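The values are calculated or read from the model by the stated rules, or taken from the named source; none is laboratory data. What you are looking at is a predicted structure, and each value in this text was computed from that prediction instead of being measured. Quick reminder, even Gly has a Cβ in these numbers, built from the backbone with ideal geometry, and neighbours come from all protein chains shown. Protein only, heavy atoms only, side chains kept; ligands, DNA and RNA dropped before computing areas. Shrake-Rupley method; radii C 1.70, N 1.55, O 1.52, S 1.80 Å.
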Amino acid sequence: MNMLTMRAGSAEYSVYVERGLLKSVPGRLKEMFPESRLAVITDDNVGSLYGQSFAAACETAGLRCDLFSVAPGEGSKSAGTFARLLSELAQHGYNRADVVAALGGGVVGDLAGFVAAVYLRGVKAVQIPTTLLAQIDSSVGGKTGINLPEGKNLAGAFHQPSAVFVDPSLLGTLSEADFADGMAELVKYALIRDAEMFEQLERFGAAPAGSDMLDSWIVRCLSIKRDIVAADEKDTGERMLLNFGHTIGHGIERLCAAKNLPMTHGRAVAIGMTAITSAAERMGLAKAGTAERIACVLHKTGLPYDISAYDKDEIWKGIVVDKKTLADKLTLVIVSEPGRAMLHRVAAADARNFL
Ligand code: GLY
């Protein structure tokens, strides 16, 4: 078992990583919260795989528990679903001593975390991430929230969980597409802080679910995130490095959503990481050949990297429409070579040159 200690502001909590961990989570929760009820928030897919058995195991462990399920997908990160869950907790009589458990991927983690942040002005939360993206990134660090019609993640709160339980054996049931999406974020971690992990990715490509190599990468990503969040919980400096590839990625996601083209977050970020690094090379901000190395790794892991199929003016429109980028200046993340990242502030209008 690997155990990492997260420190964020005044919060301190453990992140446990072990194959097969899910089975022991009910007993651990009973020890942590002996008098509490547990509201397990999941989605219909994860719920049908693990939800019923997890809830039954909680009851067996002596923890009163209810299962609340939402439709799978980004559409559930909405004000409507959020309000419905708050009402359901109230109808079930949940009180301040009770605990919300997020059992699912990034959508469920962000949504359930925000419910915990707001219900009765804040109750405890635990995260049990079931996708690669959630296991290495979104379940730790306390970012919670929902989307608004005006943009992604425009409402939310920092609400650190009390514990995070990462069971890599759950990744065996992920679709190839969901797995590749998580790999994009894993490549991102390697690029911003871990040259050795990037070299392993260059040699081997994606490691399969259930392999020792993937488990070790999960722990490495979590260690990087631990250090970054400890330095900058509220995302005003170093934590922004985690947005590498995301500015252009969000522009591509918006463009595709507007045109009903298939696109996922991880794929858009993969294209964004390559595109911004090509631009950084042209401007002398990145070592020559870095974009090519990134593209090769993404290709090996089954991810796209080529921006040329997308109209740059339309991507740019998608970037500036994002409310969070309406300021005069934009903070871009530049990887100068694998393992080394920096923040680069540019006038918003000049950011267009990075496309
Ligand atoms: N997922 C990016 C962050 O936690 O800051």
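For the stretch 128-152, the set of residues classified as within 15 Å of the ligand (Cβ to nearest atom), among the aliphatic types (A, V, I, L, M) and open to solvent by 20 Å² or more (accessible area, probe 1.4 Å) consists of 133 only. Among residues of the stretch 174-202 that are over 15 Å from residue 219 (Cα atoms), those with a Cβ under 6 angstrom from a residue that is open to solvent by 10 Å² or more (accessible area, probe 1.4 Å) and at pLDDT below 95, sequence gap 6+ or separate chain, pair up as 180/302; 181/264. The requirement of being open to solvent by 30 Å² or more (accessible area, probe 1.4 Å), more than 23 Å from residue 97 (Cα to Cα) and charged (D, E, K, R) is fulfilled somewhere in the stretch 9-20, by at least one residue. When residue 236 is tested against the conditions (1) among the β-branched types (Val, Ile, Thr); (2) surrounded by fewer than 19 Cβ atoms within 10 Å (Cβ to Cβ); (3) away from the ligand (no atom under 12 Å from the Cβ), the lone failure is (3).
Residues in the stretch 239-258 that are more than 16 Å from the ligand (Cβ to nearest atom) and surrounded by fewer than 24 Cβ atoms within 10 Å (Cβ to Cβ): 254, 255, 256, 257, 258. For the stretch 196-223, a tally of residues being more than 16 Å from the ligand (Cβ to nearest atom), open to solvent by less than 40 Å² (accessible area, probe 1.4 Å) and assigned to a helix (DSSP H, G or I) returns 8.
Could you identify the single residue in 102, 125, 57 that is touching a Pro at 6+ places or on another chain (Cβ under 7 Å), under 21 Å from residue 18 (Cα atoms), within 16 Å of the ligand (Cβ to nearest atom) and hydrophobic (A, V, I, L, M, F, W, C)? First the steps, then the outcome.
Values: 102 fails: touching a Pro at 6+ places or on another chain (Cβ under 7 Å); 57 fails: within 16 Å of the ligand (Cβ to nearest atom).
Being touching a Pro at 6+ places or on another chain (Cβ under 7 Å), under 21 Å from residue 18 (Cα atoms), within 16 Å of the ligand (Cβ to nearest atom) and hydrophobic (A, V, I, L, M, F, W, C) holds for just one of 102, 125, 57, which is 125.
Any residue at all in the stretch 259-271 that is away from the ligand (no atom under 16 Å from the Cβ), open to solvent by less than 10 Å² (accessible area, probe 1.4 Å) and modelled with pLDDT of 95 or more?
yes
Return the residues of the stretch 163-173 that are of a type outside the set (Asp, Glu) and in contact with a helix residue (DSSP H, G or I) (Cβ under 7 Å, 6 or more places away or on another chain); say none if nothing qualifies. Full working, then the answer.
Our first condition is that a residue be of a type outside the set (Asp, Glu); within the stretch 163-173, this holds for 163-166, 168-173.
Within the stretch 163-173, 163, 165, 166, 168, 170, 171, 173 meet the criteria.
The one condition from (1) farther than 19 Å from residue 143 by Cα; (2) open to solvent by 10 Å² or more (accessible area, probe 1.4 Å) that residue 226 does not meet is (1).
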